[in-house]
1. State the number of residues belonging to segment 32-62 that are farther than 15 Å from residue 93 by Cα and in contact (Cβ under 8 Å) with a residue 40 or more places away in the chain.
2. Quick one: which of 52, 40, 33 is in a loop (DSSP other than H, G, I, E, B) and modelled with pLDDT of 90 or more?
3. Within segment 69-97, which residues are loosely packed, with under 10 Cβ neighbours inside 10 Å and in a loop (DSSP other than H, G, I, E, B)?
4. Can you name the residue in segment 59-68 that is assigned to a loop (DSSP other than H, G, I, E, B) and either on the phi > 0 side of the Ramachandran plot or modelled with pLDDT of 90 or more (or both) and is also surrounded by the most Cβ atoms within 10 Å (Cβ to Cβ) among such residues?
5. Quick one: would you say residue 16 is modelled with pLDDT under 95, loosely packed, with under 10 Cβ neighbours inside 10 Å and not in a loop (DSSP other than H, G, I, E, B)?
């Protein structure tokens, strides 16, 4: 076999190998995004923060019914968690204060 034929055979083998492996890279999980709507743009110390949370499917931006609990952490300027909430999700929606 000539070098040219060996190279073409090897290149074809690599092409098939890498294209076949690409099918294994498709994730089997759905990505979700969280959007928070706040009651006002600025807060002073001691203000109550009211919000509504929307959990949507990343690709379509439709409400997701996959997750059942939303975990929210409020973090101060020193990167310390000052409050942590676990909110039940109903069809991708949650409310909190």
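1. Residues flagged as farther than 15 Å from residue 93 by Cα and in contact (Cβ under 8 Å) with a residue 40 or more places away in the chain within segment 32-62 amount to 2.
2. Values: 52 fails: in a loop (DSSP other than H, G, I, E, B); 33 fails: in a loop (DSSP other than H, G, I, E, B).
Of 52, 40, 33, the one residue that is in a loop (DSSP other than H, G, I, E, B) and modelled with pLDDT of 90 or more is 40.
3. Result: 76, 77, 78, 79, 80, 91, 97.
4. Looking only at segment 59-68, we keep the residues that are assigned to a loop (DSSP other than H, G, I, E, B), and these are 59-62, 64-68.
With the extra rule that they be either on the phi > 0 side of the Ramachandran plot or modelled with pLDDT of 90 or more (or both), the set shrinks to 60-62, 64-68.
Values: 60: 9, 61: 11, 62: 9, 64: 21, 65: 12, 66: 11, 67: 14, 68: 9.
Ranking the candidates gives 64 first.
5. On the way: modelled with pLDDT under 95: yes; loosely packed, with under 10 Cβ neighbours inside 10 Å: no; not in a loop (DSSP other than H, G, I, E, B): yes.
Judged against the criteria, residue 16 is not a match.
The values are calculated or read from the model by the stated rules, or taken from the named source; none is laboratory data. Nothing here was measured: the structure is a model prediction, and the numbers come from that model. Here Cβ is always computed from backbone atoms with ideal geometry, including for glycine, and neighbour counts include all displayed protein chains.
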